[in-house]
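Engineer: Handing you a structure now.
The values are calculated or read from the model by the stated rules, or taken from the named source; none is laboratory data. All values reported here derive from a predicted model rather than from experimental measurement. Ideal geometry is used to build each Cβ from the backbone, glycine not excepted, and the neighbour counts take in all protein chains shown.
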Amino acid sequence: MTATPAPTVTATLPSAGTSRRRGRRPGRAGVSGATRRQQARLGVLLVAPAVALMLVFLVFPVLNSVYYVFVDFDGLDTTPPWVGLGNLTELAQDSQMWAAARNNLIWIVVGTIGPLVLGLGLALLLWGVRRGSTFYRVVFFLPYVLPQVAVGVVWGWIYAPTRGWLNRGLEAVGLDGLTRGWLGDPSTALYAVLGTAVWTATGFVFVIILSALRNVDNQQVEAATLDGAGYLQRLRHVVLPQIMPVFLMVTALTLIGGFAVFDIIFVMTGGGPANATEVLGTYAYSNAFQLSRISYGTTLALVVTALAVPVAVWLDRLQRRASIEERGA
C-alpha cells in the first residue's frame, strides 16, 4: 500500500503591508475625530454672526415687547409703572380694536381668496401658451414688485372722486349713478383698498402657480382625457393634487400678508374715513406713535403675531404633508 502523505498546514502570516494598514486604523479614527471637532468649531464660527443678528434684532425685541405689555410706557419714562394685565384687559374691552379686527378678517378672507382664484385662473388660461409667455409673466408680476407707496398713490388718483379714471370710465359708459368718492365713502373705502391689494398680489400668485403647472405630468392629463374626464374633473383630480404643495405655500404667504397688512392702507386712507379701513396694524401704529401709547400699541402688535403664527404653522404642516403625498404617488 502506498502511504498517504499527511496534509500540510500552511500558516499565513500577515504581510508587512497588512500590519501597517491595521496599525493605521486607530490613528485614522483619531484623525477623523479631530476633523469632526474642527468642522464643528468651524460651523459654530460660521453660524455665530447669524445667531448674533437674530438675538439682537429678533429675540431681544420680542422679549422687550413682552415686557412692554405689562407696563404703561409712553416712550419717555425710563421707569414705566407696572400695570400687569391692564393692557390686555383694555384691549378686550376696546370696541375700536374689535372693529379693526373685523376689518382684518375681511381683508384676510377677500385678500386671500381673490388673488388665489384670479392667479390660478390666469395661470390655467396661459398654461399652454408658449409664445409671449415671458411677456405675460412680466406684465402680471410687475405690480407685485412695485413699491407699495407708489401703488397706493397711483390708485388713489384712480379712485379720485372728480378726476379719477374709475369715475370717468363709469361716466363714459353711462353708469353715472355708480360714481362716488371711493376712498371717502365708509361703505366702499375698505373694498376699494382691497381691490388694489388683490390687483397687486394676483401677479405673484399667477407666476408661482404657472411655474408649478409647467411641472405637471401631461401624460396623466392625457390619460384622464382619454378616460372621458371633463375639464373640471381633470383639474380637480389630476392637476390640483400635483400643484397642491405650491398652492398651499402661496396660500400661506398671502394669508400671512393679510394679518400684517399696513402700508397700502396707511398710504391710501390712513385708516379712515371714520375708521372704516382701520386694521390692527394701523390701529397699533396710531396708538404707539401718534398717541404715545407704546405699551398698548405693542400689545396690539403682539396680538397680530399671536394670531398669525398658528395659522402659518398649520399651513406649513399641510404643505409638507402634500409634498410627501405627492412624492409617494
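Engineer: Take the residues in the stretch 180-190 that are of a type outside the set (S, T, Y) and part of a loop (DSSP other than H, G, I, E, B), then tell me which one is surrounded by the most Cβ atoms within 10 Å (Cβ to Cβ). Full working, then the answer.
Structural biologist: Start the filter on the stretch 180-190 by keeping residues that are of a type outside the set (S, T, Y), which leaves 180-186, 189-190.
From the residues that got through so far, the ones that are part of a loop (DSSP other than H, G, I, E, B) too are 180-186.
Values: R180: 16, G181: 16, W182: 22, L183: 24, G184: 17, D185: 14, P186: 12.
Taking the candidates together, the pick is L183.
Engineer: Name the residues in the stretch 70-111 that are part of a helix (DSSP H, G or I) and among the hydroxyl-bearing types (S, T, Y), would you? Steps first, please.
Structural biologist: Filtering the stretch 70-111 for residues part of a helix (DSSP H, G or I) gives 86-92, 95-111.
The answer is T89, S95.
Engineer: May I ask you to say which residue of Y144, Y191 is hydroxyl-bearing (S, T, Y), farther than 27 Å from I243 by Cβ and at pLDDT 90 or above?
Structural biologist: Details: Y144 fails: farther than 27 Å from I243 by Cβ.
Going through Y144, Y191 in turn, just one is hydroxyl-bearing (S, T, Y), farther than 27 Å from I243 by Cβ and at pLDDT 90 or above: Y191.
Engineer: Taking N287, is it over 18 Å from the mean Cα position of the chain (by Cα) and on the phi > 0 side of the Ramachandran plot? Steps first, answer last, please.
Structural biologist: Details: over 18 Å from the mean Cα position of the chain (by Cα): yes; on the phi > 0 side of the Ramachandran plot: no.
Taking the combined requirement at face value, the residue does not satisfy it.
Engineer: Check whether at least one residue in the stretch 159-179 is without any contact (Cβ under 8 Å) to a residue 24 or more places away in the chain, of a type in the set (F, W, Y) and in a loop (DSSP other than H, G, I, E, B), and report yes or no. Working first, answer last.
Structural biologist: Initially, the stretch 159-179 is screened for residues without any contact (Cβ under 8 Å) to a residue 24 or more places away in the chain, giving 160-179.
Among the residues that remain, those that are also of a type in the set (F, W, Y) are: 165.
Next, from what is left, pick out any that are in a loop (DSSP other than H, G, I, E, B): none.
No, the conditions are met nowhere in the stretch 159-179.
Engineer: Out of G43, G30, G119, G114, which single residue is in a helix (DSSP H, G or I) and either at pLDDT below 75 or touching a Cys at 6+ places or on another chain (Cβ under 8 Å) (or both)? Full working, then the answer.
Structural biologist: Values: G43 fails: either at pLDDT below 75 or touching a Cys at 6+ places or on another chain (Cβ under 8 Å) (or both); G119 fails: either at pLDDT below 75 or touching a Cys at 6+ places or on another chain (Cβ under 8 Å) (or both); G114 fails: either at pLDDT below 75 or touching a Cys at 6+ places or on another chain (Cβ under 8 Å) (or both).
None of the others qualify; the one that does is G30.
Engineer: Out of everything in the stretch 273-316 that is farther than 28 Å from A192 by Cβ and not hydrophobic (A, V, I, L, M, F, W, C), what residue ends up being modelled with the lowest pLDDT?
Structural biologist: Looking at residues that are farther than 28 Å from A192 by Cβ and not hydrophobic (A, V, I, L, M, F, W, C), I get D316.
Engineer: A further question follows. Quick one: which residue in V129, V117, V138 is under 18 Å from the mean Cα position of the chain (by Cα), surrounded by fewer than 18 Cβ atoms within 10 Å (Cβ to Cβ) and closer than 21 Å to I208 by Cβ? It would help to see each step written out before you state the result.
Structural biologist: Details: V129 fails: under 18 Å from the mean Cα position of the chain (by Cα); V138 fails: under 18 Å from the mean Cα position of the chain (by Cα).
When all the criteria are applied, what remains is V117.
Engineer: Output the residue which, of all residues in the stretch 191-228 that are within 28 Å of the chain's Cα centre (by Cα) and not in a helix (DSSP H, G or I), is farthest from V151 (Cα to Cα).
Structural biologist: Here is the first cut: in the stretch 191-228, the residues within 28 Å of the chain's Cα centre (by Cα) are 191-217.
Checking the rest, the ones that are also not in a helix (DSSP H, G or I) come to 214-217.
Numbers: R214: 30, N215: 32, V216: 34, D217: 38 Å.
Applying the filter and picking the extreme gives D217.
Residues checked against (1) of a type in the set (A, V, I, L, M, F, W, C); (2) in a helix (DSSP H, G or I):
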{"position": "Q233", "(1), (2)": "no, yes"}
{"position": "R236", "(1), (2)": "no, yes"}
{"position": "M244", "(1), (2)": "yes, yes"}
{"position": "T251", "(1), (2)": "no, yes"}
{"position": "L255", "(1), (2)": "yes, yes"}
{"position": "G258", "(1), (2)": "no, yes"}
{"position": "V261", "(1), (2)": "yes, no"}
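Engineer: In this structure, is D94 charged (D, E, K, R), without any contact (Cβ under 8 Å) to a residue 60 or more places away in the chain and buried (at least 16 other Cβ atoms within 10 Å of the Cβ)? It would help to see each step written out before you state the result.
Structural biologist: Working: charged (D, E, K, R): yes; without any contact (Cβ under 8 Å) to a residue 60 or more places away in the chain: yes; buried (at least 16 other Cβ atoms within 10 Å of the Cβ): yes.
When the stated conditions are applied, D94 passes them.
Engineer: Please pick out the residue among L240, L315 that is in a helix (DSSP H, G or I), surrounded by 17 or more Cβ atoms within 10 Å (Cβ to Cβ) and either under 21 Å from the mean Cα position of the chain (by Cα) or small (G, A, S) (or both). Reasoning before the result, please.
Structural biologist: On the way: L240 fails: surrounded by 17 or more Cβ atoms within 10 Å (Cβ to Cβ).
Being in a helix (DSSP H, G or I), surrounded by 17 or more Cβ atoms within 10 Å (Cβ to Cβ) and either under 21 Å from the mean Cα position of the chain (by Cα) or small (G, A, S) (or both) holds for just one of L240, L315, which is L315.
Engineer: When the residues of the stretch 141-158 are filtered to those that are free of Cβ contacts under 8 Å to residues at least 12 places away in the same chain and over 26 Å from A252 (Cα atoms), which remaining residue is surrounded by the most Cβ atoms within 10 Å (Cβ to Cβ)?
Structural biologist: The qualifying residue surrounded by the most Cβ atoms within 10 Å (Cβ to Cβ) is I158.
Engineer: Here is a follow-up. Of A308, A274, A301, A322, which residue is exposed (fewer than 15 other Cβ atoms within 10 Å of the Cβ) and touching a residue at least 40 places away in the same chain (Cβ under 8 Å)?
Structural biologist: Working: A308 fails: exposed (fewer than 15 other Cβ atoms within 10 Å of the Cβ); A301 fails: exposed (fewer than 15 other Cβ atoms within 10 Å of the Cβ); A322 fails: exposed (fewer than 15 other Cβ atoms within 10 Å of the Cβ).
A274 is the lone residue from the list that is exposed (fewer than 15 other Cβ atoms within 10 Å of the Cβ) and touching a residue at least 40 places away in the same chain (Cβ under 8 Å).
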